[in-house]
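Peer 1: The structure follows.
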Amino acid sequence: MHRFIVPARAARGQGRAHSVGVNHETKVCASCGRTITWRKKWAANWDSVRYCSQRCRRNRPGVTDGRLEQTIENLLDERRAGATICPSEAARAVGGEQWRDLMEPARAAARRLREAGRVEITQGGTVVDPSTAKGPIRIRRVPGKG
């Protein structure tokens, strides 16, 4: 027979147990398109939370972000069904010589389009969660939408 030692804090029901078994909804940041996970400090105003951080609140989507979203849609319209594009293609089309500065905004635009149900984000041909994807991503039209 095996005996497991339970830390005293866990045995008393203290620590992080307040969130165990509670299924809190998630949201998507209106700026960067990443998943916002419920936090205890937002319990009173969870319905009004729109941004994941102060940085995103300050850097709300603007004209360039709208142009990136439209460029992604236009590039996908020019491709055959199921074809993908790289966010750098949109960044190059909008930013010209300074396209590298638009790489993260292009990825954020793709995440917002994904949340709107317009595109899918893939890595290695597999659809991935853009909030946790690391490394190069590709963007394609959602099958049946186009």
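Read the figures in this text as sums done on the coordinates, not as results from a lab. Worth saying up front: this structure is predicted, and the values here are computed from it rather than measured. Using ideal geometry, Cβ is built from the backbone for each residue, glycine included, and neighbour counts are taken over all protein chains shown.
Peer 1: Which whole-Hz couplings ³J(HN,Hα) result when phi for each residue of region 97-114 is put into the Karplus expression 6.51 cos²θ - 1.76 cosθ + 1.60, θ = phi - 60°, listed in order with x for Gly and Pro?
Peer 2: So the J values, rounded to whole Hz, are 5, 9, 4, 4, 5, 9, 5, 5, x, 5, 5, 5, 4, 5, 5, 5, 5, 5.
Peer 1: What distance in nm separates the two pseudo spin-label positions at residue 104 and residue 59, each 7 Å out from Cα along the beta-carbon direction?
Peer 2: 0.4
Peer 1: I've got another one for you. Enumerate the amide H contacts of residue 119 below 5 Å, restricted to partners 5 or more residues apart or on another chain; note that Pro and chain-start residues carry no placed amide H.
Peer 2: For residue 119, the qualifying residues are 114, 142.
Peer 1: What's the FRET efficiency of residue 74 with residue 40 using the Cβ-Cβ distance as r and R₀ = 41 Å, to the nearest 0.05?
Peer 2: Numbers: r = 43 Å, r/R0 = 1.04.
Efficiency at R0 = 41 Å is approximately 0.45.
Peer 1: Give me, ordered by chain and number, the residues 5 or more places off residue 28 or on other chains with an amide H under 5 Å from its own placed amide H.
Peer 2: Hits under the 5 Å cutoff: 36.
Peer 1: Taking the dipole about the Cα centre of region 46-146, with the C-beta of Lys and Arg at +1 and of Asp and Glu at -1, give me whichever of 84, 105, 59 is farthest to the positive side.
Peer 2: Most positive-ward Cα: 59.
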